[in-house]
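Peer 1: Before I ask anything, let me first share the structure, which is written out below as structure tokens.
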Amino acid sequence: MNHIWEQWPQIWAGFLSTVEFSVIAILLGTVIGLIAALMKLARFAPARWLSTVYVELFRGTPLLVQLFFIALGLPAVLPLNKWFGPQTYPLVAGAVGLALNEGAYITEIIRAGILGVDRGQWEAAASIGMSRGQTMRHIILPQAFKRMIPPLVNQFAQTVKDTSLLAPIAITELVYSAQEVISVYFNAFSMWLVVALMYFVVIFLITRFAAYLERRLQIDKR
Amino acid sequence: MISVENLHKSFGRLEVLKGVTTHIDPQEVVVVIGPSGSGKSTFLRCLNGLETVTSGRIVVDGVELTDPKVNITKLRQRVGMVFQRFNLFHHLTVLDNITIGPRKVLKLSREESESRAFTLLEKVGLRDKANSYPDELSGGQQQRVAIARALAMKPSVMLFDEPTSALDPEMVGEVLQVMKDLAREGMTMVVVTHEMGFAREVGDRVLFMDGGVIVEEGKPQDLFSNPKEERTQAFLSKIL
């Protein structure tokens, strides 16, 4: 166990990187998911098609392949490393790839939440002269949000775990850092145990927060 | 106020309205009755564009609703609607349910919207429920809030789609009372209902619909006591 304390700064830095990528992917993924969900429900057909293609592509291929493609594949045909800098581009690719992947799943969660709101709510809003946009914003989304919380939290937890797939594209998050430490100290048992525990704590905090949020929102009914 | 000419409405291959023509005057209270599936609710929903008509012409308050260039959203501000299942906004308080239209659609200030809302809540007898959520109210109370929500837009016509059908019997009276008050104040109303007592008492005219057409219409006392059409007689004998 001593090795862990000696290598703690390195592990901690990896952990912080995991948290950072998780936060970015969750925030960006949610924004992308909201936009894609609204596009999927739009009247304008090309918007629906575009969104459907996006969701199907990212759900239909492994995240690891997507990350390799964006981080290593694209720079082979585009001067991305020059534009972003060779140090920065892999980080950008990791964050964007992760966010796009999570966004595809979040799209479906948000879409299902919106469709789950009773049609009568749309009609009532229309009957007082609200436009589609106003109805979506003031009536439908606030109600849809409550029913989205459980599946969204599930997806956020998944996102935290998915950041471990950034290790193969050489981003020094928690798994990558652990591998480096182990390659020097051969402390695989204790190291992976600690890594698992760290993921667990983060995800546990997320699910507890969600349970709290759900209880809070229950106060004003439905 | 409302004129409907040769209105047809189909859902896929099912033709629900097969040529409805009628005219509703300002301040008139028209009650629409008929068996279920007769098209009476669909007819009502066509009047504020919740259903798009297949063919025919509807003019409401001088605006031709069936003209594709007409802004239906704008027109709906002047046509209030009350639904069978209330359809209050579950995430908003009673007060916010009533003020959201004036604030977001009419762009009135919060103060003005709220003073309007409190006046209406007073009228429907629910001032003390302003800060409750819809799901904390009884069905009758919810429906009265729904009426207040529609009235907050100061509509020139009110449409009622079976407003008491989802209520427990003891709550029907309180909702009908609000509607009667409204009729006496001179509101133009089109009411789809099974409440024959209401039709007799406040209806200026009754439309009997069956099979997607208006079979018979007339003053309540004439239509109820002396129906001319066989179908009207058969329907009334079953429900009266």
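The values are calculated or read from the model by the stated rules, or taken from the named source; none is laboratory data. Bear in mind that the values here come from a model prediction, so they are computed numbers and not experimental data. Every residue, glycine among them, receives a Cβ derived from its backbone with ideal geometry; neighbour counts consider all protein chains shown.
Peer 1: Give region B:132-147 a look and list any residue that's away from every other protein chain (no Cβ under 11 Å) and polar (S, T, N, Q), or say none.
Peer 2: Once the filter is applied, which keeps residues that are away from every other protein chain (no Cβ under 11 Å) and polar (S, T, N, Q), region B:132-147 yields B:138, B:141, B:142, B:143.
Peer 1: Does residue A:42 meet the test of being in contact with a helix residue (DSSP H, G or I) (Cβ under 8 Å, 6 or more places away or on another chain), aliphatic (A, V, I, L, M) and outside any helix (DSSP H, G or I)?
Peer 2: Yes; evaluated as a whole, the condition is true for this residue.
Peer 1: Given the residues A:75, A:86, A:79, A:151, which is the only one that is closer than 30 Å to residue A:214 by Cβ and either within 14 Å of chain B (Cβ to nearest Cβ) or not aliphatic (A, V, I, L, M) (or both)?
Peer 2: One residue alone meets the criteria, A:151.
Peer 1: Output yes when any residue across region A:177-188 is at the interface with chain B (Cβ under 10 Å from one of its Cβ atoms) and in a helix (DSSP H, G or I), and no when none is.
Peer 2: Checked region A:177-188: no residue is at the interface with chain B (Cβ under 10 Å from one of its Cβ atoms) and in a helix (DSSP H, G or I).
Peer 1: Out of A:80, A:63, which single residue is under 21 Å from residue A:172 (Cβ atoms), surrounded by 15 or more Cβ atoms within 10 Å (Cβ to Cβ) and without any contact (Cβ under 8 Å) to a residue 60 or more places away in the chain?
Peer 2: Selected residue: A:80, the only one of A:80, A:63 that is under 21 Å from residue A:172 (Cβ atoms), surrounded by 15 or more Cβ atoms within 10 Å (Cβ to Cβ) and without any contact (Cβ under 8 Å) to a residue 60 or more places away in the chain.
Peer 1: Could I ask something else about it? May I ask you to say which residue of A:54, A:89 is modelled with pLDDT under 95, out of contact with any Asp or Glu (no Cβ under 9 Å at 6 or more places or on another chain) and either surrounded by fewer than 12 Cβ atoms within 10 Å (Cβ to Cβ) or on the phi < 0 side of the Ramachandran plot (or both)?
Peer 2: From the options A:54, A:89, the qualifying one is A:89.
Peer 1: Here is a further query. What number goes with the only condition from (1) surrounded by fewer than 22 Cβ atoms within 10 Å (Cβ to Cβ); (2) more than 14 Å from chain B (Cβ to nearest Cβ) that residue A:110 does not pass?
Peer 2: The one condition residue A:110 does not meet is (1).
Peer 1: Would you mind telling me which numbered condition in (1) out of contact with any Ser or Thr (no Cβ under 8 Å at 6 or more places or on another chain); (2) within 30 Å of residue B:221 (Cβ to Cβ); (3) surrounded by fewer than 16 Cβ atoms within 10 Å (Cβ to Cβ) residue B:13 fails?
Peer 2: The number of the failed condition is (2).
Peer 1: Within region B:220-240, which residues are assigned to a loop (DSSP other than H, G, I, E, B) and loosely packed, with under 12 Cβ neighbours inside 10 Å?
Peer 2: If the condition is that a residue be assigned to a loop (DSSP other than H, G, I, E, B) and loosely packed, with under 12 Cβ neighbours inside 10 Å, then B:226, B:228, B:240 are the ones that fit.
Peer 1: On the given criteria, is residue A:19 touching a helix residue (DSSP H, G or I) at 6+ places or on another chain (Cβ under 8 Å), closer than 27 Å to residue A:181 by Cα and assigned to a helix (DSSP H, G or I)?
Peer 2: So residue A:19 passes the test.
Peer 1: Still on this model: Could you tell me which of the residues B:195, B:216 is within 18 Å of the chain's Cα centre (by Cα), of a type in the set (D, E, K, R) and closer than 27 Å to residue B:156 by Cα?
Peer 2: When all the criteria are applied, what remains is B:195.
Peer 1: Please pick out the residue among A:135, A:52 that is farther than 30 Å from residue B:87 by Cα, polar (S, T, N, Q), assigned to a helix (DSSP H, G or I) and more than 16 Å from the chain's Cα centre (by Cα).
Peer 2: The unique qualifying residue is A:52.
Peer 1: For region B:101-119, what are the residues that are facing another protein chain (nearest Cβ under 7 Å) and free of Cβ contacts under 8 Å to residues at least 40 places away in the same chain?
Peer 2: The answer is B:104, and nothing else.
Peer 1: Still on this structure, I have one more. If you take the residues in region A:113-130 that are under 30 Å from residue A:158 (Cα atoms) and of a type outside the set (Gly, Ala, Ser), which one is farthest from the other protein chains (Cβ to nearest Cβ)?
Peer 2: Selected residue: A:115.
Peer 1: Mind listing just one residue for me: the one in region B:57-101 that is aromatic (Phe, Trp, Tyr) and out of contact with any strand residue (DSSP E or B) (no Cβ under 7 Å at 6 or more places or on another chain) and, of those, farthest from residue B:47 (Cα to Cα)?
Peer 2: Only one residue fits best here, namely B:89.
Peer 1: Can you find, within region B:61-84, the residue that is nearest to the other protein chains (Cβ to nearest Cβ) among those that are assigned to a loop (DSSP other than H, G, I, E, B) and surrounded by fewer than 17 Cβ atoms within 10 Å (Cβ to Cβ)?
Peer 2: Here the answer is B:71.
Peer 1: Would you tally the residues in region B:122-151 being of a type in the set (A, V, I, L, M, F, W, C) and assigned to a helix (DSSP H, G or I)?
Peer 2: Selection size over region B:122-151: 6.
To keep it simple, each residue is scored yes or no on (1) among the aromatic types (Phe, Trp, Tyr); (2) more than 17 Å from the chain's Cα centre (by Cα); (3) at pLDDT below 95.
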{"residue": "B:9", "(1), (2), (3)": "no, yes, no"}
{"residue": "B:30", "(1), (2), (3)": "no, no, no"}
{"residue": "B:34", "(1), (2), (3)": "no, no, yes"}
{"residue": "B:38", "(1), (2), (3)": "no, no, yes"}
{"residue": "B:48", "(1), (2), (3)": "no, no, yes"}
{"residue": "B:53", "(1), (2), (3)": "no, yes, yes"}
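Peer 1: Filter region B:113-129 down to the residues that are of a type outside the set (A, V, I, L, M, F, W, C) and buried (at least 20 other Cβ atoms within 10 Å of the Cβ) and list them by number.
Peer 2: B:113, B:116, B:129
Peer 1: Looking for something surrounded by 14 or more Cβ atoms within 10 Å (Cβ to Cβ), more than 14 Å from chain B (Cβ to nearest Cβ) and free of Cβ contacts under 8 Å to residues at least 40 places away in the same chain - is there at least one such residue anywhere in region A:131-147?
Peer 2: Looking for residues that are surrounded by 14 or more Cβ atoms within 10 Å (Cβ to Cβ), more than 14 Å from chain B (Cβ to nearest Cβ) and free of Cβ contacts under 8 Å to residues at least 40 places away in the same chain, one finds none in region A:131-147, hence no.
Peer 1: Something else: For region B:120-139, name all the residues that are under 23 Å from residue A:143 (Cα atoms) and free of Cβ contacts under 8 Å to residues at least 40 places away in the same chain.
Peer 2: Once the filter is applied, which keeps residues that are under 23 Å from residue A:143 (Cα atoms) and free of Cβ contacts under 8 Å to residues at least 40 places away in the same chain, region B:120-139 yields B:129, B:130, B:131, B:132, B:136, B:138.
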